[in-house]
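Report on the following structure.
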Amino acid sequence: MRKYFILLLLSFCVTATFAQYTVSTLAGDTAGYLDGSNSSALFNAPAGIAVDTSGTLVYVADAYNNRIRLITGGVTATLAGDTIGFRDGVGTVALFNNPLGICTDKAGNIYVADTYNNAIRKITPGGTVTTIGGKGLDSAGYRNGADSIALFNQPVGVAIDTANNIFVAEYGNNVIRKISAAGMVSTFAGNDTVGYRNGKDSTAEFTGLAGIAVDDSGYVYVTEFFNNSVRKIRNRYVYNIGGFDTVGMDTTIVTTFPGYNDTIVSADTSYFNSPTGLLVDRSGNVFVCDEYNNVIREISNGKVSTFAGNTTPGLVNGSPDSSEFYQPIGIAEDKNGNFYIGDNGNNAIRTISLPPLGIKSIIAEKIKMLVYPVPCNDKTFIANAPSGTAELTDLTGRVIWSEAHFKAPYSLSTGDIPAGVYFIRVSNATGSAVNKIVVQH
């Protein structure tokens, strides 16, 4: 779901790691619709992404094309969907309306959060589409019960557990719903109230639910792009595992602020900026598409780090710390530990892949940067940055200022720079560090 609002950045650290991975483009790069070889295929705002158990079939919720696409063997094809609408059927006979979330089960069935149809759809491996919850475009509501009578309001994320229960992150109702294997719909967490509150599942409050995932133990994880947080639901209790947690200040207003900050002590002091898609790997590590920070984050052992991307919006492949994404919102992992990203703003499917067996991994030195205040007015102070070549660019990539022999600490004058969002990048032989700067006058 596109989100047309402005958020101010709060904080400040880029960590360059995971150089043993390589970021590349699997398919797409320009908005459009075209099947065929991956090098020529086109997508329009790809969102959710899923991989089957064999690791050879990649499914994409192609939101603005209202289709579910399939990538396999170097070729992109349309599995289901055609023009905008709401209709069950086989292949292109079926119609969707801005599908966002997608997941698969062990039998090869695909489940789709058909967001603007307010419905949950099922696609068999053969391409037959049926509706298993919700009534279509004009039936937004909030009603539990048998799937034939249940109502949803803008479902955006779906996940399935080992018992074939389907969990739905519901943007419109601010709740997490559960569709049992027997077809009964119930509320799993939340109470249809806008807010930010941890605690018992029935009293917890959410705002702007987006991604959802389930681990092997049945614990549920969700992201909220308005609350800028990652939450976990365990044994009927909701708590924060990423994003600044205002302990003791739970309230019915949004209290988890946007920003960008990795942590080395506690995940609840980190900052996210509209997190969306997420997954949990076999080791319990959580990977999050931090959409407006244009990066992929990892939550592991209670700490948050940057897995890929450097906050600069763009389409750049290579090492994780030098790669660039543009509003990534979908993420999946195959059985070999390779990641697939629905890079929404780039209209592309990206991969973050491990090297072939036998190739030695190289871990890059960590590079950090601290910039404050954010936002700034007449000047900003750059501290704890590497020495090297520094550039300040605008959102189009135009260089506003540069310094070939940059050394921190450094006071950068911003009084003559128009108000807006800029990026400071410092590069040397070790790597590069990037930070966003917001100028206000």
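The values are calculated or read from the model by the stated rules, or taken from the named source; none is laboratory data. What you see is a predicted model; the values in this text were computed from it and never measured. Because the Cβ atoms are built from the backbone with ideal geometry, glycine has one as well, and the counts that use them run over all protein chains shown. Heavy atoms of the whole protein, side chains included, go into the accessibility calculation; ligands, DNA and RNA do not. Shrake-Rupley method; radii C 1.70, N 1.55, O 1.52, S 1.80 Å.
Points to keep in mind about this one:
- Positive minus negative residues near Ile110 (Lys, Arg vs Asp, Glu; Cβ under 9 Å): 0
- Size of charge dipole - region 158-225 - debye, nearest 20, with Cβ of Lys, Arg +1 and Asp, Glu -1, no other charges: 140
- Taken about its Cα centre, the chain carries a charge dipole of roughly 360 debye when the Cβ of each Lys and Arg holds +1 and the Cβ of each Asp and Glu holds -1.
- Restraint check, Lys379/Lys436; Lys303/Lys407; Lys178/Lys335; Lys106/Lys178, Cα-Cα greater than 24 Å: Lys303/Lys407; Lys178/Lys335
- Choice from Gly55, Gly342, Gly208 showing the highest fluctuation, given a GNM over the chain with Cα pairs closer than 10 Å: Gly55
- Region 201-239-region 152-195 distance, computed between alpha-carbon centres (Å): 11
- Exposure rank, largest accessible area first [Ile241, Ile437; 1.4 Å]: Ile241, Ile437
- Selection among Val421, Tyr271, Ile212 by position relative to the dipole of the chain gives Ile212 as farthest towards the positive end (Cβ unit charges, Cα centre).
- Taken over the chain, the percentage of Cα pairs per 10 Å bin, counting from 0 up to the bin with the maximum distance, is 5, 23, 32, 25, 12, 3, 0.
- Signed unit charges on C-beta, dipole axis of the chain, positive-most listed residue Phe188, Ser305, Leu95: Phe188
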